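Quick note: the coordinates plus some simple rules give every number you see, no bench work behind them. What you see is a predicted model, and the numbers here were worked out from it, not measured in a lab. Cβ atoms come from the backbone with ideal geometry, glycine included; neighbour counts cover every protein chain shown.
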Amino acid sequence: MKYIIVAIFALLTPTFARPQEPQPPQLAAQPRPQAAPAAQSGSVTPVSIVSQTEVVGPDGSFNYSYDTSNGIHVEQGGYIKKGEARAVDPNNPEATGDIQVIQGAYSYTAPDGQQISLR
């Protein structure tokens, strides 16, 4: 009799067990954005990169930019800003408090012909 009770307990234990850590949100449960239909029907003209630059410095700084054949322009740059750690991080005792600063801009032509720029 006690073997039956142990067997039932062994079978039911996983059913009532809880995860030890929080589970990440399920991507399937989130609504996915739908792409807007193309404004023009027919063939699609491929877009190519007409110019591109990329510079990465040994100090962690970087600059890159590119232009496309349909008028998109993108540029971004960054560097490491020196700082001081406010508290010792037990997971990273060598932390310096430095932060990465990034700035950039992009521009494109809207379907109505207006030039849109963001910085």
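Mean separation of Cα pairs under 8 Å and 6+ residues apart, divided by the residue count of region 46-119: what relative contact order is that in percent? Mind showing how you got there, number by number?
Values: 135 pairs, mean separation 17.3, N = 74.
Dividing the mean separation by the residue count of region 46-119 yields 23 percent.
Rounded if a/c is under 1.5, else prolate if a/b beats b/c, else oblate: with a ≥ b ≥ c from the C-alpha gyration tensor eigenvalues square-rooted, which is region 46-119? Cα axes put region 46-119 in the prolate bin. The residue list GLN114, GLY78, GLY97 was ranked by how far each Cα lies along the charge dipole of region 46-119 toward its positive end, using unit charges on Cβ atoms, and GLN114 comes out on top.
State to the nearest 20 debye the size of the charge dipole of region 46-119 about its Cα centre, where the only charges are +1 on K and R beta carbons and -1 on D and E beta carbons.
On the way: 4 positive and 9 negative charges, 31 e Å.
Roughly 160 debye for region 46-119.
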